[in-house]
1. Every residue in segment 190-215 that is within 15 Å of ligand 3 (Cβ to nearest atom) and not hydrophobic (A, V, I, L, M, F, W, C), please.
2. Specify which of the listed residues (L145, L117, L102, L127) is surrounded by fewer than 17 Cβ atoms within 10 Å (Cβ to Cβ), free of Cβ contacts under 8 Å to residues at least 60 places away in the same chain and not β-branched (V, I, T).
3. Would you confirm whether or not segment 50-57 contains a residue that is among the aliphatic types (A, V, I, L, M), surrounded by 13 or more Cβ atoms within 10 Å (Cβ to Cβ), touching a Ser or Thr at 6+ places or on another chain (Cβ under 9 Å) and at pLDDT 95 or above?
4. Tally time: how many residues in segment 61-73 are within 16 Å of ligand 3 (Cβ to nearest atom) and modelled with pLDDT of 95 or more?
5. Please count how many residues of segment 255-278 are more than 17 Å from N42 (Cα to Cα) and surrounded by 14 or more Cβ atoms within 10 Å (Cβ to Cβ).
6. Yes or no: E197 touching a Lys or Arg at 6+ places or on another chain (Cβ under 9 Å) and closer than 21 Å to L87 by Cβ?
7. What number goes with the only condition from (1) farther than 20 Å from T154 by Cβ; (2) within 16 Å of ligand 3 (Cβ to nearest atom) that E58 does not pass?
8. Any residue that is under 18 Å from the mean Cα position of the chain (by Cα) and farther than 28 Å from G250 by Cβ - is there at least one of those in segment 145-161?
Amino acid sequence: SAEQARATASVYQIGMDELHLRQIRITSRLQLALHKGGFELNYQPKVDSSAGDCKQVEALLRWRDAEMGQMFPDEFIPLAEHSGDILLITDWVIQEVIRQQLIWLGKGRYITVSINLSAHDLLSKTLVDRLLGQLAHAGLESHCLHFEITESATISDPVAAIAQLERLRDAGFRLSMDDFGTGYSSLSQLKLIPVQEVKIDKSFILKLDEQETDQRLVRSIIDMGHNLGLSIVAEGVENEASSRLLTAWGCEYLQGYWYSKPLPPEALEIWLDDFENK
Ligand code: C2E
Ligand code: CA
Ligand code: CA
Ligand code: CA
């Protein structure tokens, strides 16, 4: 009935208003977190399948806000993209990773860290110069950082994004195509986007051990990537059966809860020591 429709509409309206309010609140708290603290990085191991060791991790952002509690990047990164705060967040992440790497180096640990970049970062005219400045200031070289980008981050302005990626590559940073297989034209994009590595999206990996279609897809992505001279990472490896399949198929790096969830730095150090002594 019309009455029901109106009731549904108003419930929907309330839902939307609440969501919108939450988004506005998060966006305003972002600024506070940047200035007063609240962000942290966790690090997830990326295991070398043939060597059976781990020298690389991915930095993943965490945010605990005094009023709003724990928030995850899938919610606040898109809002930061929208507000433009993402550039400041990326700056913070890079600075924090460098600070952490200096601590690790001081303990005799050499760990390469992958950093996620967003669409805005790919259009920033100053990203590469700032990055090189920050590294030089710390006395680090560009091979200690890798960058992960998604195809969707290149879509709004592909020419500018590709030029940025070429600058990053020429400055010595290794680049990885994240969430591979989820876009519309992933295969043809690999011809244009200068990455050295493909990271197969976790949606193809989570049930790999059970799903034959995923197995076929993943094998062909690995073969195709290898034919293009790229290394392959699988994310979302949650069980031993999947890790064995991927290793047998020559997938170079494995990441996922089977090995470890993303960890605070001290917990990562303990994990790395255990893993080495296994
Ligand atoms: P992503 O880059 O694709 O990161 C992988 C996500 O999968 C992470 O979620 C990670 O915690 C989760 N994951 C890892 N292993 C497994 C597994 O075995 N099973 C399952 N189900 N999930 C697994 P997280 O940390 O919540 O990050 C979500 C997304 O937020 C990231 O997706 C990335 O797009 C974005 N993000 C995170 N940190 C940053 C950052 O510092 N900067 C930017 N621009 N984006 C970030
Ligand atoms: Ca990533
Ligand atoms: Ca991913
Ligand atoms: Ca993702």
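The values are calculated or read from the model by the stated rules, or taken from the named source; none is laboratory data. It should be emphasised that the depicted structure is a prediction, and the values quoted were computed from it without experimental measurement. Methodologically, a virtual Cβ is constructed for each residue, glycine included, from the backbone with ideal geometry; neighbour enumeration extends over all protein chains shown.
1. Within segment 190-215, E197, K199, D201, K202, S203 meet the criteria.
2. Values: L145 fails: surrounded by fewer than 17 Cβ atoms within 10 Å (Cβ to Cβ); L117 fails: surrounded by fewer than 17 Cβ atoms within 10 Å (Cβ to Cβ); L127 fails: surrounded by fewer than 17 Cβ atoms within 10 Å (Cβ to Cβ).
Only one candidate passes the filter, namely L102.
3. Residues of segment 50-57 among the aliphatic types (A, V, I, L, M): 51, 57.
Next, only the ones that are surrounded by 13 or more Cβ atoms within 10 Å (Cβ to Cβ) stay: 57.
Subset that is touching a Ser or Thr at 6+ places or on another chain (Cβ under 9 Å): 57.
Filter once more, keeping what is at pLDDT 95 or above: 57.
The answer is yes, given that some residue of segment 50-57 is among the aliphatic types (A, V, I, L, M), surrounded by 13 or more Cβ atoms within 10 Å (Cβ to Cβ), touching a Ser or Thr at 6+ places or on another chain (Cβ under 9 Å) and at pLDDT 95 or above.
4. Taking segment 61-73 first, the residues within 16 Å of ligand 3 (Cβ to nearest atom) are 61, 72-73.
Retained after the next criterion (residues that are modelled with pLDDT of 95 or more): 61, 73.
Selection size over segment 61-73: 2.
5. The qualifying residues number 1.
6. Details: touching a Lys or Arg at 6+ places or on another chain (Cβ under 9 Å): yes; closer than 21 Å to L87 by Cβ: no.
When the stated conditions are applied, E197 does not pass them.
7. All conditions pass for E58, except number (1).
8. Residues of segment 145-161 that are under 18 Å from the mean Cα position of the chain (by Cα), as a first pass: 145-155, 161.
So of that shortlist, the ones also farther than 28 Å from G250 by Cβ come out as 155, 161.
Taking every residue of segment 145-161 in turn, at least one turns out to be under 18 Å from the mean Cα position of the chain (by Cα) and farther than 28 Å from G250 by Cβ.
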